[in-house]
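The values are calculated or read from the model by the stated rules, or taken from the named source; none is laboratory data. Note that the coordinates shown come from a computational prediction; the quantities given were computed from them, not determined experimentally. Counting neighbours? That spans all protein chains shown, and the Cβs are built from the backbone with ideal geometry, glycine included.
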Amino acid sequence: MASSRKSNSVDLAQRLAGKLAQLIPPHSSILIAYSGGVDSVVLLHLLHHLAHRNSWQLSALHVHHGISPDAEVWAEFCEQRCAAYNISFHLERVDITPLREQGIEAAARHLRYQAFAKHHCDFLALAHHADDQAETLMLQLLRGSGVRGVSAMPMLAERGVHWLRPLLDCTRAEIVEYAQTHHLTWIEDASNADDAYPRNFLRHKVFPVLGQRFPSYRQTLARSAQHFAEASGLLDELAELDATSAIVGQILQVTALQKLSSARAKNLLRYFLQRRNAPMPQTVQLDDMLQQLCHARGDAELCIAYAGWEVHRYRDEVYAAPALPILDVSLRLPWHEEATLFWPTMDARIDFVATHGKGISLAKLRAAPVTLRVRQGGEMLRPNARAKTRKLKNLLQEQSILPWLRDRTPLLFCGEELVCVPGAVAAEYQAGADEEGVEMQVFPRP
């Protein structure tokens, strides 16, 4: 038994050595997602032994979720193991509380991905394995996910950096056997035995029974997941073709949706939301969204809120963006000639750019306290000496400011006089030819 175990362990190491040498160029930097569980412990051990011969630069990241009372002990364990291997260790503490409504697993995953994005590397190494692949596919099927949701996790994916899953073809049993053979120690998270979590229920109750009747279920499910991934790729290609004339910048044309079949229109709408990095709506939500977007009156200002995002229809165009914070109509933000201010109502940055002979006269601005405010109603401004005084509503429309942003647009006041709205300066405050001035530029979040 011992020699068989050793043989299997050596085989696993050799299998990965050849595969990784082909995938990872010499001198690459690799960040290992290191939880301290057996999967990541084995991954760290394998990469540590392969790094020298391939001149890889290793580091490890442990995300401290603070969910378990043992979280501090786990972080110390991970740091000590990395120190023993002389591997650079990073610890990221995250707060899961604001995201708990998403579910603990989903919230923790979201925060891990945010933590990964903070660290520069060529490759991010994750310890997902064949059992994870099977469990994920089954969970997505039970949730009624579409082909993208049930697509296989790839061994190598481009997500800004290369996401690499070296153990994806290995079973959990092979990984545990490798750890035991090399006398590795790891963390046992008690929550992994709790069948209340859907993944644990599949792992401990469903798959053992399934394995008795279908021993190769992991490979079979992985093959199905790969088929789904190919189908998802084809749907993306179709959406890209439809998007050529339907999506301009960050705007989707309603007329393009109306010309397509229902299934194809939904595919394009999903693609549009994906490009905006929006969460994917549930099936019922997507159907309702498409129905409203395609059948609202032409002059309707439609807003569909879901999952912290808003989808707007305005003048036969579709916009999608994260929902903005509650509007504080009493907001008054003082300006003391800073180069940049944060404007909370639009989650925007305001730059004040120094000018000469144009923009707002600095001398006139210095005559009274300067503040940024939101509209209260009835504001007026005369954009040049020979023009009539204009209503703020009309000025905002002419500047093509979208309706749902007009009440949030920053207005610059000197004392109680309206000086500037984006794109227009009051005639009385315009800088003369020899005057120092400033221009106000608003940059909403991407």
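What's the total number of residues in region 67-91 that are within 30 Å of Ala307 (Cα to Cα) and either touching a Lys or Arg at 6+ places or on another chain (Cβ under 7 Å) or polar (S, T, N, Q) (or both)?
Residues that pass the stated criteria total 1.
Scan region 346-386 residue by residue and report those that are among the polar types (S, T, N, Q) and over 14 Å from Leu412 (Cβ atoms). Step through it out loud before you land on a result.
Of region 346-386, the ones among the polar types (S, T, N, Q) are 355, 361, 371, 376, 384.
Within region 346-386, Thr355, Gln376, Asn384 qualify.
Among the candidates Ala152, Ala179, single out the residue that is touching a helix residue (DSSP H, G or I) at 6+ places or on another chain (Cβ under 7 Å), among the small types (Gly, Ala, Ser) and closer than 22 Å to His48 by Cα.
Working: Ala152 fails: closer than 22 Å to His48 by Cα.
Exactly one residue qualifies, and that residue is Ala179.
Looking at region 112-147, which of its residues are surrounded by fewer than 18 Cβ atoms within 10 Å (Cβ to Cβ), under 17 Å from the mean Cα position of the chain (by Cα) and touching a residue at least 24 places away in the same chain (Cβ under 8 Å)?
Listed by number, the residues that qualify are Ala117, Lys118, His119, His120.
Across region 377-389, what is the total count of residues that are touching a Leu at 6+ places or on another chain (Cβ under 9 Å) and either of a type in the set (A, V, I, L, M, F, W, C) or more than 19 Å from Gly359 (Cβ to Cβ) (or both)? Break it down into steps so the answer makes sense when it comes.
Here is the first cut: in region 377-389, the ones touching a Leu at 6+ places or on another chain (Cβ under 9 Å) are 377-381, 383, 389.
Retained after the next criterion (residues that are either of a type in the set (A, V, I, L, M, F, W, C) or more than 19 Å from Gly359 (Cβ to Cβ) (or both)): 377-381, 389.
Counting residues in region 377-389 that are touching a Leu at 6+ places or on another chain (Cβ under 9 Å) and either of a type in the set (A, V, I, L, M, F, W, C) or more than 19 Å from Gly359 (Cβ to Cβ) (or both) gives 6.
Could you look through region 333-344, keep only residues that are touching a helix residue (DSSP H, G or I) at 6+ places or on another chain (Cβ under 9 Å) and outside any strand (DSSP E or B), and pick out the one that is surrounded by the fewest Cβ atoms within 10 Å (Cβ to Cβ)? Break it down stepwise before answering.
Within region 333-344, the subset touching a helix residue (DSSP H, G or I) at 6+ places or on another chain (Cβ under 9 Å) is 333, 335, 337.
Narrowing further to those that are outside any strand (DSSP E or B): 335, 337.
Numbers: Trp335: 19, Glu337: 11.
Checking each candidate, the answer is Glu337.
Taking Gln80 as the residue in question, decide whether it is more than 24 Å from the chain's Cα centre (by Cα), surrounded by fewer than 15 Cβ atoms within 10 Å (Cβ to Cβ), more than 20 Å from Asp194 (Cα to Cα) and not aromatic (Phe, Trp, Tyr). First the steps, then the outcome.
Working: more than 24 Å from the chain's Cα centre (by Cα): yes; surrounded by fewer than 15 Cβ atoms within 10 Å (Cβ to Cβ): yes; more than 20 Å from Asp194 (Cα to Cα): yes; not aromatic (Phe, Trp, Tyr): yes.
In short, yes.
Just name the residue that is farthest from Leu164 (Cα to Cα) out of those in region 56-79 that are part of a loop (DSSP other than H, G, I, E, B) and at pLDDT below 95.
Filtering region 56-79 down to residues part of a loop (DSSP other than H, G, I, E, B) leaves 56, 65-70.
Among the residues that remain, those that are also at pLDDT below 95 are: 65-70.
On the way: His65: 23, Gly66: 26, Ile67: 27, Ser68: 27, Pro69: 30, Asp70: 28 Å.
Ranking the qualifying residues of region 56-79, first place goes to Pro69.
Which helices (runs of 4 or more DSSP H) sit wholly inside region 358-446 and have at least 3 residues that are over 27 Å from Tyr314 (Cβ atoms)?
362-365
Scan (1) without any contact (Cβ under 8 Å) to a residue 24 or more places away in the chain; (2) over 23 Å from the mean Cα position of the chain (by Cα) for the single condition Asp242 breaks and write down its number.
Every listed condition holds for Asp242 apart from (1).
Residue by residue, here is whether (1) touching a Pro at 6+ places or on another chain (Cβ under 7 Å); (2) over 28 Å from Arg143 (Cβ atoms); (3) of a type outside the set (S, T, N, Q); (4) in the same structural domain as Cys420 (by TED's automatic domain parsing) holds:
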| residue | (1), (2), (3), (4) |
| --- | --- |
| Leu260 | no, no, yes, no |
| Asn267 | no, no, no, no |
| Asp288 | no, no, yes, no |
| His336 | no, yes, yes, yes |
| Phe342 | no, yes, yes, yes |
| Ile350 | yes, yes, yes, yes |
| Gly357 | no, yes, yes, yes |
| Ile360 | no, yes, yes, yes |
| Ala363 | no, yes, yes, yes |
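Pairs only if they're at least six apart or on different chains, beta carbon under 6 angstrom, first in region 181-204 and surrounded by 15 or more Cβ atoms within 10 Å (Cβ to Cβ), second of a type in the set (S, T, N, Q); list them, first residue then second.
Partner pairs satisfying both residue conditions: Thr181/Ser9.
Residues of region 153-173 being in a loop (DSSP other than H, G, I, E, B) and over 19 Å from the mean Cα position of the chain (by Cα), which ones?
Residues of region 153-173 that are in a loop (DSSP other than H, G, I, E, B), as a first pass: 153-155, 160, 165-171.
Within region 153-173, Met155, Arg165, Pro166, Leu167, Leu168, Asp169, Cys170, Thr171 meet the criteria.
Asp316 passes all but one of (1) among the acidic types (Asp, Glu); (2) out of contact with any Pro (no Cβ under 8 Å at 6 or more places or on another chain); (3) surrounded by fewer than 13 Cβ atoms within 10 Å (Cβ to Cβ); which number fails?
(3)
Within region 91-111, which residues are crowded, with 16+ Cβ neighbours inside 10 Å and touching a residue at least 40 places away in the same chain (Cβ under 8 Å)?
Ala108, Leu111
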